[in-house]
Amino acid sequence: MAYITRASATQAVLVERMPAPQVGRRGGAARAWLDAQEQLDRKNARVITKVMVALPHELEPGDQTQLVRDFCEALTQGRAPWLAAIHAPSEQDGSDERNWHAHIVIRDRDPATGKRACGLSDKGSTELARKLWQDTCNAALAQAGVAARIDHRSLREQGIERTPEIHVGPKATAMKSRGVRPESKAQNDNGREIRWPEIDEGRTRVEHRAEIALEREIDHDQAERIERLVAAARFAEQENRRTREQARELRERNKQNARELFERIELSKREYFENRRYYERVIDYICEKIGLHIAAIMRCDSSLSVGRTIILKIKSISM
């Protein structure tokens, strides 16, 4: 309680159905109330449930506060006591300025009945709480007009091939800012041994996270290069398709022009032969008249033969 309500980090405290803690006073009345509740429970009972959520940095502080309140009321079904302390990002060197988050403490007991209200110790309750946070958070983002969304599933479940980040706590961040390199030590967690030296492989959590960030940056660069190559290939295909379409249109125009030229040639040929036949008839008529006149002048009985002879000569000259 003292840690999550410390004055150096706490920006806001929300509370329902229990005394409000005093910021910077080690929890104050809230701490005393929880101690009293612990005395009422059986020896092995769970007194409180702790939940920590990362708040979307895209939201304004007021929207973040409302998001936490909506989530806590939905999680406790408006019956169980809860408090939430909203923390701002640390100002220490190397801290993530987007690290808005909230520490939530829930007392899963309905004050009116003394019975559990939300079943946070039941099997599968963690997954349900994660899903509820996803839905509540995405609804707040949508209402604020923010396009970003969160997904409570693991990267593997989402089909994303990427190494997940690891959490670096405030102590490790503070040691790094002081130039101190923390040493990994084995930890006993309720009888379960956690072999941190083997897990960290000689690296600090800050160094491990930096490696993951570098790997992600490399993967991001490769993804961007692939995306650029795909875009270039898609553009080249579009240009190729456009060129083929232009070539097809050009061939069609050339075919049309060739057909029109052929038709004009055929028309010219027909006009030529028609004109030639016309002029031949005119010449035949003229020659025939000339022959008749010449035959009459010569008082020749064979005027027709003379006329034909003259006509043939005139035709041979005209040809």
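Every number in this text was worked out from the coordinates using simple rules, so none of it is lab data. Predicted, not measured: the structure shown is a model, and the values here were computed from it. Here the Cβ positions follow ideal geometry from the backbone for every residue, glycine too, while neighbour counts run over all protein chains shown.
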Other-chain or far-sequence residues with amide H under 5 Å of His101's (modelled H):
Leu55, His87
Please arrange Ser90, Ser268 by counting, for each residue, the other beta carbons lying within 10 Å of its beta carbon, fewest first.
Ser268, Ser90
Here are labelled values, (i) 105, 25, 17; (ii) 54, 24, 20; (iii) 34, 26, 22, and one is the computed semi-axes √(5λ) of the Cα gyration tensor in Å for what I pasted. Which one?
(i)
List the pairs from Lys50/Lys115; Lys50/Lys185; Lys269/Lys289 whose alpha-carbon separation is above 21 Å, in the order I gave them.
Lys50/Lys185; Lys269/Lys289
MRE, 222 nm, helices only [DSSP H, n ≥ 4, -39500 (n - 2.57), over the chain, to nearest 500]:
-19000 deg cm²/dmol
Once fully extended, how much extra length lies between Ala148 and Lys289, figured as 0.36 nm per residue of separation less the alpha-carbon to alpha-carbon distance?
40.3 nm
Full-extension gain in nm, Ala20 to Glu38, via 0.36 nm per residue minus C-alpha separation
4.8 nm
For segment 1-154, alpha-carbon Rg relative to the globular expectation (2.2 N^0.38 Å, N residues):
1.06
How about Lys131: which aspartates and glutamates have a C-alpha closer than 12 Å to its C-alpha, ignoring those fewer than 8 places off in the same chain?
Asp151
Relative contact order %, the chain, counting alpha carbon pairs below 8 Å whose residues are six or more apart:
10 percent
Just tell me which aspartates and glutamates come within less than 14 Å, Cα to Cα, of Lys255; anything on the same chain fewer than 8 places away is out.
Glu263
Counting sequence-distant residues (5 or more places) and residues on other chains, those with an amide H built under 5 Å from that of Thr5 are none
Treating the angle as unsigned and between 0 and 90°, give the value, to the nearest 10°, between the Cα long axis of helix 303-318 and the longest Cα principal axis of the chain.
40 degrees
Scalar couplings 3J(HN,Hα) for segment 51-65 by Karplus 6.51 cos²θ - 1.76 cosθ + 1.60 (θ = phi - 60°), nearest whole Hz, x for Gly and Pro, are 10, 10, 10, 8, 8, x, 5, 6, 7, 6, x, x, 5, 4, 4
Calculate how steeply helix 28-40 sits against the longest principal axis of the alpha-carbon atoms of the chain, using the helix alpha-carbon long axis, and give the answer as 0 to 90 degrees to the nearest 10.
70 degrees
By how many degrees, 0 to 90 and rounded to 10, does the Cα axis of helix 205-297 deviate from the longest principal axis of the chain?
10 degrees
